[in-house]
Structures are given as structure tokens and as C-alpha cells.
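Take a look at the structure below.
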Amino acid sequence: MDQYLNRASLTAVAAGGVLGALARYGIATAWPTEPHGFPWSTWLINVTGCFLIGVLYSRVEPRLPRLFLGTGFLGGYTTFSTAIVETSQAGLGYLAATLIGAVVAVAAGSALAR
């Protein structure tokens, strides 16, 4: 494989990941979860990330923008590892709300983008 493409791909993923993680941190900081409260900021981040991935994969064809936006930005933005930790604290209702919200958001994003 072309070395430039590899370098470009890695750069796209890394740059997107940094920006996505910063966006997630900003939202979580602006809207913190109360102790023993429903983690709304994490839920919002995951559902909006799923919506955007639905739009992205229905609209964006070129490889580098998909790597930057999908693997990079949305990979850094969404927080399913955090969601699992919060599920252990908030319970199965949160897990169900996250999964349902995520599936509906991907479908809505994909349908809207078409």
C-alpha cells in the first residue's frame, strides 16, 4: 500500500479522534452527571454520535473524510466504554435507553441523509 495513503489515513484518524474527544469532554464538563443520577450527557453524546454516523455512511464516499469523521471524530466522540461503566451504576434502564436511542439515531441519520 502507498506510504502516503497510510500516513494520510493515520493523520486523518488521529486528528479526528482528538477533536471528537475534545467535543465529548466539553459536553460532559458542561453537563455533568449528578451522583446516582441518569448520565444524560453520555446518553446524548452516544445518540448524536450514532445519528451522525448514520448520516456519514449514507452521504460520504471518499476514504479520508470517512476516516477523519467516522473512525476519528465519531470514534473519539462516542463513549460506549463510559456508557458500560455508567450502566453498572445506573442500571439496565440506562443500557436499554442507550441501545434503543443509538439504533433509532443511526436509522434516522441514514434516512435523513438519503
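Points to keep in mind about this one:
- Residues that are of a type in the set (F, W, Y) and over 16 Å from the mean Cα position of the chain (by Cα), drawn from the stretch 64-97: Y94
- Within the stretch 38-58, being surrounded by fewer than 17 Cβ atoms within 10 Å (Cβ to Cβ) and either free of Cβ contacts under 8 Å to residues at least 40 places away in the same chain or among the hydrophobic types (A, V, I, L, M, F, W, C) (or both) holds for F38, W40, L44.
Residue-by-condition table, conditions (1) in a helix (DSSP H, G or I); (2) touching a helix residue (DSSP H, G or I) at 6+ places or on another chain (Cβ under 6 Å); (3) of a type outside the set (F, W, Y):
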position: L22; (1), (2), (3): yes, no, yes
position: I27; (1), (2), (3): yes, yes, yes
position: T42; (1), (2), (3): yes, yes, yes
position: F68; (1), (2), (3): yes, yes, no
position: A83; (1), (2), (3): yes, yes, yes
position: Y94; (1), (2), (3): yes, yes, no
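- Qualifying residue in the stretch 36-51 (condition: modelled with pLDDT of 95 or more and more than 17 Å from Y94 (Cα to Cα)): no
- Taking residues in the stretch 8-26 that are without any contact (Cβ under 8 Å) to a residue 24 or more places away in the chain and among the hydroxyl-bearing types (S, T, Y), and partners anywhere that are buried (at least 17 other Cβ atoms within 10 Å of the Cβ) and assigned to a helix (DSSP H, G or I), the pairs with Cβ atoms closer than 9 Å and at least 6 places apart or on different chains are T11/F68.
- Scanning the stretch 96-114 for residues that are assigned to a helix (DSSP H, G or I), in contact with a helix residue (DSSP H, G or I) (Cβ under 9 Å, 6 or more places away or on another chain) and surrounded by fewer than 20 Cβ atoms within 10 Å (Cβ to Cβ) yields A97, G101, V103, V104, A107, A108, S110, A111, L112, A113.
- Residue list for the stretch 71-81, restricted to those being in a helix (DSSP H, G or I) and touching a residue at least 24 places away in the same chain (Cβ under 8 Å): T71, G72, F73, L74, G75, G76, Y77, F80
The values are calculated or read from the model by the stated rules, or taken from the named source; none is laboratory data. These figures come from a predicted structure and were not determined experimentally. Heads up, the Cβs are rebuilt from the backbone with ideal geometry, glycines too, and the neighbour counts pull from every protein chain shown.
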